[in-house]
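Input: a single structure, listed below in structure tokens.
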Amino acid sequence: MIHLSKLTPALAAAAIGVLAAAPGAVAGPPAPQDLNPAPPDFYDCRPLGAGTICTASLHEEKVSEPQTELVCGTGADAFVIHDTGVIDQDLTRWYNADGDLIKRAIHEVWTEAFWSNPLSGKTVPYTQNGIITTVLAVPGDFDSATETTVGENVYTDPATNRKVLTTAGRTVFGADGTLESRAGQQPFLDAFVDGDMSVFDPICAALA
């Protein structure tokens, strides 16, 4: 047996080169187009151990997008909340040695963000950051995925400087879309899972 530690640096490098090129050497990870599922074209992929890691960054701007599920007031005074903000995302995918996806993470930060009332012109600014991690129990199969979200989303009334809506904590959704666990303040779940839309009353009042 050759002990590389006993060779000169030049000979050790040559020996490593021979071993790497020798028949029967371990094959490299699959090419990006052979990954399952293949990442979108804007990802940059590289070997990581026996597998592959793919990364990307996205930038998006939303301008006064109506949130039709968020309606404040009744009758002639009713209005739909509009959303504006700049979203920056760092995306990462991990694939195993067979080229199958095993985990995905999205780290996103919202800046210059606010909700608005198009009738009154009032706005409520907010901050938001979070990490969404998706783990596939069956590699390559999104139908087996569990999604965990951690982060914070805080809305502040500019007139009073008081926080009128806060989300902070952790949620886990199972592969079938069922909410498996929740922790912390979760007003959006209170509203859209438990049916308590009153959680939006303070922010509606600030926008009226």
Quiz item: Taking amide H positions as placed 1.01 Å from N in the peptide plane, with prolines and chain starts having none, which residues 5 or more places from Leu35, or on another chain, fall under 5 Å of its amide H?
Solution: none
Quiz item: Using θ = phi - 60° and the Karplus curve 6.51 cos²θ - 1.76 cosθ + 1.60, what whole-Hz ³J(HN,Hα) does each residue of region 111-119 get, with Gly and Pro shown as x?
Solution: 10, 6, 9, 6, 9, 9, 10, x, 7
Quiz prompt | Semi-axes of the equivalent ellipsoid for the chain, Cα gyration tensor, largest first, Å | solution = 50, 18, 15
Quiz item: For the residue pair Gln33 and Ala137, what label-to-label distance in nm results when each label sits 7 Å from Cα along the Cα-to-beta-carbon direction?
Solution: 3.5 nm
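Bear in mind that the values in this text are calculations on the coordinates, not laboratory data. Remember, predicted model here, so these are calculated numbers, not experimental data. For neighbour counting, all protein chains shown are included, and Cβ atoms are generated from backbone atoms with ideal geometry for every residue, glycine included.
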